[in-house]
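Structure first, then comments.
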Amino acid sequence: PRPVTHPVFYGAGEIERARERVRQYDWAKRYLDGLIRRIEDSGILAMPDPAIRGEIFDQVSFPLPRCPVDRGKRSWRVHLWDWSPGDPNRVRCRTCGSLLPGSEHEPTGDLEVVGPSGGSVRYRYWEDDEGFRYFFDNITFVYRQEQVTGMALPLALAHVLTGDRKYAWKAGVILARM
């Protein structure tokens with residue numbers, strides 16, 4: 001077989017050229033500064049490795065199809081809910097403003113299924129008076145997981161541009177759990 005150059009992996013020469021641009025050009029410095037600021041603002045560097053792993057779930061993620069308060073159908077769209085890392089276990093309906101789950105939405109049951117890895121996965125739900133099940137934990141898992149996994153690329157890029165292993169380590173923790 002003939003040797004091929006991988007289209008995604010950067011060689012030593014390409015990495016050094018990128019680092020030189022950061023040292024030489026203002027636009028590259030601004031890019032790196034923005035990358036570092038995003039990483040610092042996310043709090044990922046301060047998170048213990050087990051906490052990072054804990055934010056990447058075994059459950060298959062899916063959003064809420066409707067709000068239990070206004071009962072408006074949402075067609076399974078994630079962008080119809082607001083989520084904040086300051087209140088990571090709840091979402092706010094963008095239509096009626098309800099914060100979910102509320103105290104009246106305590107789980108009423110569990111659904112156990114075989115997950116993608118072949119193991120048993122449990123989904124807690126609250127069921128309304130129409131028999132409709134709301135998997136509140138699962139929608140917050142979507143946002144929490146995206147917040148953590150979305151940091152893998154910025155961390156990897158920061159490592160490439162700075163050579164600082166703290167970025168590579170955290171990116172590796174995320175990728176190893178995925």
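The table for this structure:
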{"quantity": "Mean accessible surface per residue for the chain, computed with a 1.4 Å probe while every protein chain stays in place, in Å²", "calculated": "62"}
{"quantity": "Acute angle (nearest 10 degrees) that the helix 165-177 long axis makes with the longest principal axis of the chain, alpha-carbon atoms", "calculated": "40"}
{"quantity": "Rounded tilt (10° steps) of 152-162 against the dominant C-alpha axis of the chain", "calculated": "20"}
{"quantity": "Approximate spin-label separation V4-D26, in nm, with each point projected 7 Å along Cα-to-Cβ", "calculated": "4.3"}
{"quantity": "Whole-Hz ³J(HN,Hα) from phi, Karplus 6.51 cos²θ - 1.76 cosθ + 1.60, for the stretch 29-46, glycine and proline x", "calculated": "5, 4, 4, 5, 4, x, 4, 5, 4, 4, 5, 5, 5, 6, x, 5, 5, 7"}
{"quantity": "Rg/Rh ratio calculated on Cα atoms of the stretch 6-143 (Kirkwood radius)", "calculated": "1.13"}
{"quantity": "Helix axis angle, 12-24 relative to the chain longest principal axis, alpha carbon, degrees", "calculated": "90"}
{"quantity": "Accessible-area composition of the chain, carbon plus sulfur, in percent [1.4 Å probe]", "calculated": "53"}
{"quantity": "Amide hydrogen neighbours beyond the local backbone of E55, cut-off 5 Å, H modeled", "calculated": "none"}
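The values are calculated or read from the model by the stated rules, or taken from the named source; none is laboratory data. Quick caveat: nothing in here was measured; it's all calculated off a predicted structure. We place every Cβ from the backbone using ideal geometry, glycine too, and count neighbours over all the protein chains shown. To get the accessible areas, we keep the full protein, side chains included, count just its heavy atoms, and leave off ligands, DNA and RNA. Shrake-Rupley method; radii C 1.70, N 1.55, O 1.52, S 1.80 Å.
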